[in-house]
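No value in this document is a laboratory result; all are computed from the given coordinates. Everything numeric here is computed off the predicted structure, so don't read it as measured data. Because the Cβ atoms are built from the backbone with ideal geometry, glycine has one as well, and the counts that use them run over all protein chains shown.
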Amino acid sequence: MSIKQHIPKPMMTVLLKGYTLYAKCKKSLKIKKCLIDAKLNPSKAVCYCPCCDNRLRSFESGYFTRMPNVYNPKRYKGIKQEVVCPICGAIPRHRILATYFNKHKGELKNKRILYFACESGLWTWMKRNRISITTADFFATANLKLDLCNIVQPDNSWDWIICNHVLEHVDEYKQALNELYRILKPGGKLIISFPILASLQTIIEETEHTEKNKKKRLELYGQADHLRIFGADSKDVLIQAGFNVDIIDGSRMDKRIMPVVGPADYDVNYLFLCKKQKGG
Ligand SMILES: [Zn+2]
């Protein structure tokens, strides 16, 4: 019999609230210590997060290996796990994109920006820089509830779209790319990234939603809710959808935002910058 069954419900609620408050205070103290340490010893502040604009002694682990039902621990082995900003939660791809946006801020001002599955680190950057965005998600709370495979938005209606690590979750990725192209204004830009294994020639996928496949997906793609993993031809996949494609390459950026690879083997150090041609 569980000890919980002996505790009256009102007391259990008080205990849970108390624990949540304790956990919040503990995290807040940890963050303060981290910032004070970096300020007192600037030479030791070897990490920098461009999302929240903080210098830090180190990034921290996201403890992905502690959730084997969701993340395949094997995919994290041998890769540095201290990649998460303790202040804003940014991981390498967010710091790479924030570094890129710092140089292209003018292009974002007063533009219609649609952000699918908004990420905390980049949301922090947008807020700090007073860039207005519209968030979209199918499951989580957002400004718009949108299905990436059937986006209920007019043609040619957005200047920028950001869509990081969503394409591996949807049933029909080609349909999703067609939809993203359709709603982007001619001359508009899509920032997109997804899990890639360069050792794979091309994409592999397993789109059936069954328990048996869940296990297989965990093994093949590293995460139970990933339906596919992309290969070395990822840029061509985007070109086939109609985009002109450039790469935002983190390996050439300030080393203090590193490590840029990780926390899993399919988290690469670049994002795609896809442009819809003016006559498109
Ligand atoms: Zn940060």
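Per-structure values
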{"item": "Euclidean distance of C-alpha centroids, region 208-280 and region 184-206, integer Å", "result": "5 Å"}
{"item": "DSSP-assigned coil residues among GluC sites (Glu not before Pro) in region 139-203, each with at most 16 further Cβ atoms within 10 Å", "result": "Glu172"}
{"item": "The chain: antiparallel DSSP beta bridges as a percent of all, rounded to 5", "result": "55 percent"}
{"item": "Loop-exposed chymotrypsin sites (Phe, Trp or Tyr not before Pro) per DSSP, neighbour cap 15 Cβ within 10 angstrom, longest uninterrupted part of the chain", "result": "140-280"}
{"item": "Relative contact order (percent, whole number), region 143-201, Cα cutoff 8 Å, 6+ residue spacing", "result": "44 percent"}
{"item": "Within the chain, longest stretch free of exposed trypsin sites (Lys or Arg not before Pro) [DSSP loop, at most 16 other beta carbons within 10 Å]", "result": "131-277"}
{"item": "Neighbourhood net charge (13 Å Cβ-Cβ; Lys/Arg +1, Asp/Glu -1) for Ile133", "result": "+3"}
{"item": "Selected from Ala264, Asn41, Pro8, residue furthest toward positive end of dipole (the chain; charges at beta carbon)", "result": "Asn41"}
{"item": "Peptides 203-209, 245-251 ordered by average Cβ neighbours within 10 Å, highest first", "result": "245-251, 203-209"}
{"item": "Cα lying deepest toward the dipole's positive end in the chain, options His165, Val237, Asn110, charges on Cβ", "result": "Asn110"}
{"item": "Of Gly242, Gly262, Gly222, the one that fluctuates the most in a GNM where the chain has Cα springs shorter than 10 Å", "result": "Gly242"}
{"item": "Over the chain, relative contact order from alpha-carbon pairs under 8 Å, at least 6 apart, %", "result": "19 percent"}
{"item": "Test item: Cα-centred dipole of the chain, Lys/Arg +1 and Asp/Glu -1 on Cβ, debye", "result": "1520 debye"}
